[in-house]
1. What single numbered condition from (1) open to solvent by 10 Å² or more (accessible area, probe 1.4 Å); (2) within 16 Å of the ligand (Cβ to nearest atom) fails to hold for VAL142?
2. Sort through GLU177, GLU117, GLU152, GLU129 and tell me the only one that's charged (D, E, K, R) and closer than 14 Å to THR51 by Cα.
3. Among the residues of the stretch 113-131, is any under 26 Å from ALA88 (Cα atoms), assigned to a strand (DSSP E or B) and of a type in the set (S, T, N, Q)?
Amino acid sequence: MRALIIVDVQNDFCPGGSLATARGTEVARLIANYLPSELAESNDYAAVVATQDWHIDPGEHFSEQPDYVDSWPVHCVAETRGAALHPALDESLIDAHFRKGRYEAAYSGFEGTFGDELLAPWLRSRGIEELDVVGIATDHCVRATVLDGLREGFSVRVLTGMCAAVDNRRGDAALDEMDGAGAELV
Ligand SMILES: [Zn+2]
């Protein structure tokens with residue numbers, strides 16, 4: 001069985017947000033169109049999961065002089081509009097929200113929790129062995145989620161047209177790295 005993992009498609013990572021990617025809104029709309037048509041036509045997904053950066057006090061992850069590699073402007077503060085999923089996404093189609101980074105940097109969705117459950121056991125308990133990953137940002141949280149998914153033993157496809165990078169050159173390098181680690185780029 002397969003799950004769709006929607007990584008960090010949050011307002012702060014879309015144009016108008018505090019840490020916007022150029023294609024964030026476009027990617028949100030593509031996913032918003034893909035999901036209901038996929039569920040209606042072939043329904044390959046046993047579960048649809050969204051991950052969210054969800055910061056309370058993440059220490060040096062936030063900086064007034066961010067380097068955009070390890071430190072970032074304030075973004076995705078828990079319970080704010082910036083941390084909410086892009087409004088194009090239909091929340092009723094999402095089975096679980098895994099939130100990460102409350103008190104530290106957390107790039108991988110596998111660091112996220114839903115209630116007190118981590119993503120990998122949640123997926124395994126539903127018989128899910130295959131993942132499709134989409135979202136933001138290719139060079140950071142998508143990359144970390146895909147690599148962790150492979151390490152956890154899942155078969156992972158990256159739907160590259162529905163991923164947005166912070167930096168396009170780093171995004172392409174991250175896709176090469178995911179490919180080399182065993183992900184299938186679609
Ligand atoms: Zn963050």
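1. (1)
2. Answer to the check: GLU117.
3. yes
The values are calculated or read from the model by the stated rules, or taken from the named source; none is laboratory data. Being a predicted model, the structure only gives us computed values, none of them experimental. Neighbour counts run over all protein chains shown; Cβ positions are idealised from the backbone, glycine included. In case anyone asks, the SASA skips ligands and DNA or RNA and just uses the protein heavy atoms, side chains included. Shrake-Rupley method; radii C 1.70, N 1.55, O 1.52, S 1.80 Å.
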